[in-house]
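A.B. asks: If you scroll down you'll find the structure; I have some questions about it.
All of the numbers you see were taken from the coordinates with simple rules; none came from a lab. Nothing here was measured: the structure is a model prediction, and the numbers come from that model. Cβ coordinates were reconstructed from backbone atoms using ideal geometry, including for glycine residues, and neighbour counts include every protein chain displayed.
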Amino acid sequence: DGHPLVLGIETSCDETGVGLVRGCELLSDEVASSVEQHARFGGVVPEVASRAHLEAMSPTVERALDSAGARLEDVDAIAVTAGPGLAGALLVGVSAAKAYALALDKPLYGVNHLLGHVAVDQLEHGPLPTPCVALLVSGGHTSLLLVRDVATDVRLLGDTVDDAAGEAYDKVARLLGLPYPGGPPIDRAAREGDPLALRFPRGKLGDGSYDFSFSGLKTAVARQVEDGQSNGLQPSVPDIAGAFQESVVDVLTRKAVDACVEYGVGHLVISGGVAANSRLRDLAGQRCAETGVELRIPRPRLCTDNGAMIAALGADIVAAGFPPSPLDLATDTSLPV
Ligand code: KG4
Ligand code: ZN
């Protein structure tokens, strides 16, 4: 239908993602994750992730083509995550994308992973409403963005000054004896607890910035656990999980909605692995409704790292008329938006 067929490749962290997109249409989305290989370390081990990407790359490309009923020759453009992310992991994806681009004689586009998390929403809800505010919350990022055009005009409003939101979930889960990744078990435990039984600090709330901080919260939870062990008055795991979660989602949703109000923006997009959180979805829904902001959260499968999000952003970049990246495209572990 006139839109180019874009192949997207994502390898910034522990998911090897390959997706095929035409305009706003999602044709395939295949992900091979090495998350289980990292579980016993309580976090992603870069070497292990790079090796897993190398092994998963071509089978995942084949699966993505198969499930879209497409052939490699049908691909019109190749988009790949150039950063931010883990150095070795990014290198595997970018090297593969260069090889495909060279072999097929098709243009290569190195794109920003963070913007992929925003662009992916159009595969579920149609063209991105602009301007919008985007909140990206995952194991690696906690960023608030003002998006006027995802391909050409994005401003970073705030970022975490220490741990990412998902990283805080993972560290607190460990303190509470819950498995990795910590988001889902904390989400579940919190539902059984009384979130008002305890109150933890709200990092940087009310400081007038759009930055986030979660390390003080993590320390407060650690202190609570230690004190409970020494005085025998330990609150239940569900109560601690609930109070921790309440602090995280309170800060995230308040800052996101405040940004919408300050910039006069009527749409908020929330994405990244933590966007799967049930309390975040509820509270964001409630606060957006109170403020007249329309909330968009892609389904969890699209919120976590995947190749379709990179293809979606690639499609926008092609449509905006940008020239392709050179074949010596470099990776950038801390690529800014
Ligand atoms: O986007 P993602 O899959 O990978 C990146 O980090 O880029 O995000 C993973 C993060 C992990 O920290 C995980 O604990 C968190 O998302 N997560 C959640 C939930 N599901 C996953 N955090 C809170 N609640 C959840 N239900
Ligand atoms: Zn991500």
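A.B. asks: Starting from the Cα of LYS171, draw a straight line to each of the lysines and keep only those under 22 Å, dropping any in the same chain fewer than 8 residues away.
C.D. replies: Answer for LYS171, where 22 Å is the Cα cut-off: LYS204, LYS218, listed by chain and number.
A.B. asks: Can you pull the three principal axis extents for the Cα set of the chain, in Å, largest first?
C.D. replies: 67, 45, 31
A.B. asks: Compute the Cα gyration tensor for segment 254-324, then decide on rounded, prolate or oblate, letting a ≥ b ≥ c be the square roots of its eigenvalues: rounded whenever a/c is under 1.5, prolate when a/b is larger than b/c in the other cases, and oblate in all that remain. Mind showing how you got there, number by number?
C.D. replies: On the way: a/c = 3.31, a/b = 1.51, b/c = 2.20.
It comes out oblate by the Cα gyration axes.
A.B. asks: Rounded to the nearest 0.05, what FRET efficiency do HIS3 and SER58 have when you use their Cβ-Cβ distance and R0 = 35 Å? Write out the running numbers ahead of the final one.
C.D. replies: Values: r = 26 Å, r/R0 = 0.73.
So the FRET efficiency works out to roughly 0.85.
A.B. asks: Which semi-axes, in whole Å and largest first, does the equivalent ellipsoid of segment 52-113 have when worked out from the alpha carbon gyration tensor as the square roots of 5 times its eigenvalues?
C.D. replies: Values: eigenvalues 76, 41, 19 Å².
Over the Cα atoms of segment 52-113, the ellipsoid semi-axes are 19, 14, 10 Å.
A.B. asks: Place a point 7 Å from the Cα of ALA39 along the Cα-to-Cβ direction; which residues of segment 190-227 have their backbone N under 18 Å from it?
C.D. replies: The answer is none.
A.B. asks: Once fully extended, how much extra length lies between ARG155 and GLU124, figured as 0.36 nm per residue of separation less the alpha-carbon to alpha-carbon distance?
C.D. replies: Details: separation 31, 0.36 × 31 = 11.16 nm, distance 2.34 nm.
Length gained, ARG155 through GLU124: 8.8 nm.
A.B. asks: Same structure again: Quick check for me: using +1 on Lys/Arg Cβ and -1 on Asp/Glu Cβ, what's the dipole size of the chain about its Cα centre, in debye to the nearest 20?
C.D. replies: On the way: 26 positive and 44 negative charges, 119 e Å.
In total the dipole reaches around 580 debye.
A.B. asks: Please find the FRET efficiency linking ASP227 to GLU294, where r is the Cβ-Cβ separation and R0 is fixed at 30 Å, and quote it to the nearest 0.05. Show your work: numbers first, answer last.
C.D. replies: Details: r = 43 Å, r/R0 = 1.44.
The computed FRET efficiency comes out at 0.10.
A.B. asks: Please get the size of the charge dipole for segment 1-149, origin at its Cα centre, with Cβ charges of +1 on Lys and Arg and -1 on Asp and Glu, quoted in debye to the nearest 20.
C.D. replies: On the way: 8 positive and 19 negative charges, 82 e Å.
That gives a dipole near 400 debye.
A.B. asks: Take the Cα pairs of segment 130-300, get the Kirkwood Rh, then feed it into Stokes-Einstein at 25 °C and 0.890 mPa s and tell me D in µm²/s.
C.D. replies: On the way: Rh = 16.2 Å.
Result for D is 152 µm²/s.
A.B. asks: Going by alpha carbons, how many degrees (0 to 90, nearest 10) lie between the helix axis of 278-291 and the longest principal axis of the chain?
C.D. replies: Relative to the chain, helix 278-291 is tipped by roughly 90 degrees.
A.B. asks: Give the lysines whose C-alpha is closer than 20 Å to that of LYS98, dropping any in the same chain fewer than 8 places away, or say none.
C.D. replies: LYS106
A.B. asks: Roughly speaking, what is the centre-to-centre gap between segment 9-83 and segment 130-197 when only Cα atoms are used, to the nearest Å?
C.D. replies: Here the answer is 22 Å between Cα centres.
A.B. asks: If you restrict to DSSP beta bridges whose two residues both lie in segment 130-300, what percentage is antiparallel, to the nearest 5? Could the numbers behind the result be given before it?
C.D. replies: Details: 12 of 20 bridges.
Beta bridges within segment 130-300, antiparallel portion: roughly 60 percent.
A.B. asks: In nm, what is the difference between 0.36 nm times the number of residues separating VAL261 and ASP207 and their Cα-Cα distance?
C.D. replies: Details: separation 54, 0.36 × 54 = 19.44 nm, distance 1.63 nm.
Value of the extension gain: 17.8 nm.
A.B. asks: Sort the following peptides by mean Cβ neighbour count (other Cβ atoms within 10 Å, averaged over residues), highest first: 211-217, 31-37. Let's see the in-between values first.
C.D. replies: Working: 211-217: 20.9, 31-37: 16.7.
By packing density, highest mean first, the sequence is 211-217, 31-37.
A.B. asks: Non-local amide H neighbours of GLY182 (under 5 Å, H modeled in plane, Pro and chain starts lacking H): which ones?
C.D. replies: HN-HN under 5 Å from GLY182: ASP170.
A.B. asks: How many nm separate the modelled label positions at GLU47 and GLU192, each set 7 Å beyond the Cα in the direction of the Cβ?
C.D. replies: 3.8 nm
A.B. asks: Another question about this same structure. Treating the angle as unsigned and between 0 and 90°, give the value, to the nearest 10°, between the Cα long axis of helix 307-319 and the longest Cα principal axis of the chain.
C.D. replies: Value to nearest ten degrees: 60.
A.B. asks: Hey, if you put +1 on the Cβ of every Lys and Arg and -1 on every Asp and Glu Cβ in the chain, which of GLY216, VAL257, PRO185 ends up farthest toward the positive end of that dipole?
C.D. replies: Value computed over the given set: GLY216.
A.B. asks: Using a cut-off of 18 Å between alpha-carbon atoms, which aspartates and glutamates can reach LYS255, once sequence neighbours fewer than 8 places away in the same chain are excluded?
C.D. replies: Excluding near neighbours in sequence, the set is ASP159, ASP162, ASP163, ASP207, ASP211, GLU246, ASP282, GLU290, GLU294.
A.B. asks: At 0.36 nm per residue, minus the direct Cα-Cα distance, what do THR333 and ARG301 gain on full extension? Give it in nm, one decimal, please.
C.D. replies: On the way: separation 32, 0.36 × 32 = 11.52 nm, distance 2.42 nm.
Extending this stretch completely gives an extra 9.1 nm.
A.B. asks: First select every other residue whose beta carbon is under 10 angstrom from the beta carbon of THR160; then total the charges, Lys and Arg +1, Asp and Glu -1. The partial results should precede the final answer.
C.D. replies: Working: positive: LYS204; negative: ASP159, ASP162, ASP163, GLU167, ASP211.
Counting the neighbours of THR160, the net charge comes to -4.
A.B. asks: Taking the Kirkwood radius as the inverse of the mean 1/r across Cα pairs, report the Rg/Rh of segment 216-303. Don't skip to the end; give the middle numbers.
C.D. replies: On the way: Rg = 16.1 Å, Rh = 14.6 Å.
Ratio of gyration radius to Kirkwood radius: 1.10.
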